[in-house]
Amino acid sequence: MRQFSIGVDLGGTNLRAAAYSPETGLRFKRSMQTRLDLGPTVVAENLCSLISEVLLQESSAAALLGICVGAPGPLELPTGRFHAPPNLPGWGGFNLRDAIKLEFDVPVTLENDANLAALAECHLGSGKELGLDELCMITLGTGVGTGIIAEGKIFHGLNGLAGEAGHASVWPDGELCACGNQGCLELYASATGILRRATALAMTGKASGLEKLFADSSEVTTSDLYTLAMGGDRDAESIFAQAGQAIGMSLATLVNILNPSLIAVAGGVSNAWPLLWPSMEKELLSRSFIYRLTQAGSSFQRHVVIRQAMLGDGAGLAGAALLPFINAVHSS
Ligand SMILES: [Zn+2]
């Protein structure tokens, strides 16, 4: 009998669900608004209704292998307990997995969304293209997430909290981060951080292009900033150059520690790649002797690849749908 899984993405804005099987790919996508204002119990009920809707679409001749929900952390694994996640206020201690298990009698897994995006990128994106079963992925979105895939599986660490490169300092005396540290990568390379720095520069009165951008729109995005920079605005360009420098410093450390086959850079901010890469590469070359040694053209047979991820916004959902199949392979 054909088996299928259901993947769910619990985001701060939207709930998304879809069915997946290797034969059909991802299908029957459904989504609805995440009503965080109504609390975790109601959101869990909505999530179960969405899963039921997807189930109704699948053939009755196929068997449900499992359900996986991707959610923002900190998430203790494998128990699936939330620990005061900043993007899901009021969810501390809530056990979403138990709430879903009450409704559906199949294995239910909760997983960090950045880990799932990395899993999908490994099995369905650039990892697949390069024939690899390992990668590091750094997602530059509202925050900065990191996932590590080794031997085809998510690397979790002791508590399920491995891969928080976004909260490693790139400037030891830099700005204070909500995590309690100073100068975290996330402050310089997330969309939030980039827009905050651009706003601050616009307010100095010395960056007329940025000043006009913020005066003309109340909802400036990193994509607007990118367009301004590509049009030759030096101040907008400098914001991306600084983000690239911060990312390059972080990646240099990752390369030195892990000697990874591939680091995929994902998330909306990664679309500014042409402006980020020059300063990223400069930092990588100056700070990581492993990166220098293993450059293409060196005497090493294999080279560390750093590139923009292939999968876009749907990577987290695809990874959630994929996980029950990965778990089945590794438990058999
Ligand atoms: Zn931090």
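The values are calculated or read from the model by the stated rules, or taken from the named source; none is laboratory data. Treat the numbers as computed from the prediction; the structure is a model and nothing was measured. So basically every Cβ, Gly included, is an ideal-geometry build from the backbone, and we count neighbours across all protein chains shown.
Tabulated results
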{"item": "Filter result for the condition that a residue is more than 14 Å from Ala19 (Cα to Cα), surrounded by 19 or more Cβ atoms within 10 Å (Cβ to Cβ) and either free of Cβ contacts under 8 Å to residues at least 12 places away in the same chain or of a type in the set (A, V, I, L, M) (or both), over Leu36, Leu77", "result": "Leu77"}
{"item": "Of the criteria (1) modelled with pLDDT of 95 or more; (2) more than 28 Å from Gly143 (Cβ to Cβ), which one Asn46 fails", "result": "(2)"}
{"item": "The one condition in (1) among the β-branched types (Val, Ile, Thr); (2) modelled with pLDDT under 95; (3) more than 16 Å from the ligand (Cβ to nearest atom) that Ile154 fails to fulfil", "result": "(2)"}
{"item": "Per-region count, segment 164-205, residues farther than 15 Å from Ala243 by Cβ and free of Cβ contacts under 8 Å to residues at least 12 places away in the same chain", "result": "8"}
{"item": "Residue within segment 134-146 that is in contact with a helix residue (DSSP H, G or I) (Cβ under 9 Å, 6 or more places away or on another chain), away from the ligand (no atom under 16 Å from the Cβ) and in a loop (DSSP other than H, G, I, E, B) present", "result": "yes"}
{"item": "Residues located in segment 240-259, provided they are among the β-branched types (Val, Ile, Thr), buried (at least 18 other Cβ atoms within 10 Å of the Cβ) and in contact (Cβ under 8 Å) with a residue 60 or more places away in the chain", "result": "Ile247"}
{"item": "When residues of segment 173-185 are limited to those that are at pLDDT 95 or above and closer than 20 Å to Val269 by Cα, the one surrounded by the fewest Cβ atoms within 10 Å (Cβ to Cβ)", "result": "Gly183"}
{"item": "Positions within segment 186-211 being surrounded by 13 or more Cβ atoms within 10 Å (Cβ to Cβ) and either within 14 Å of the ligand (Cβ to nearest atom) or among the charged types (D, E, K, R) (or both), in sequence order", "result": "Glu186, Leu187, Tyr188, Ala189, Ser190, Thr192, Gly193, Arg196, Arg197, Glu211"}
{"item": "Qualifying residue in segment 212-230 (condition: within 16 Å of the ligand (Cβ to nearest atom) and either of a type in the set (Lys, Arg) or surrounded by fewer than 23 Cβ atoms within 10 Å (Cβ to Cβ) (or both))", "result": "no"}
{"item": "Of residues in segment 260-274 being in a helix (DSSP H, G or I) and buried (at least 17 other Cβ atoms within 10 Å of the Cβ), the one farthest from the chain's Cα centre (by Cα)", "result": "Ala272"}
{"item": "Top-ranked residue in segment 157-178 [being in contact with a Ser or Thr (Cβ under 7 Å, 6 or more places away or on another chain) and within 10 Å of the ligand (Cβ to nearest atom); ranked as farthest from Met280 (Cα to Cα)]", "result": "Glu164"}
{"item": "Selected residue [part of a helix (DSSP H, G or I), out of contact with any Pro (no Cβ under 7 Å at 6 or more places or on another chain) and either in contact (Cβ under 8 Å) with a residue 12 or more places away in the chain or hydrophobic (A, V, I, L, M, F, W, C) (or both)] from Glu211, Glu237", "result": "Glu237"}
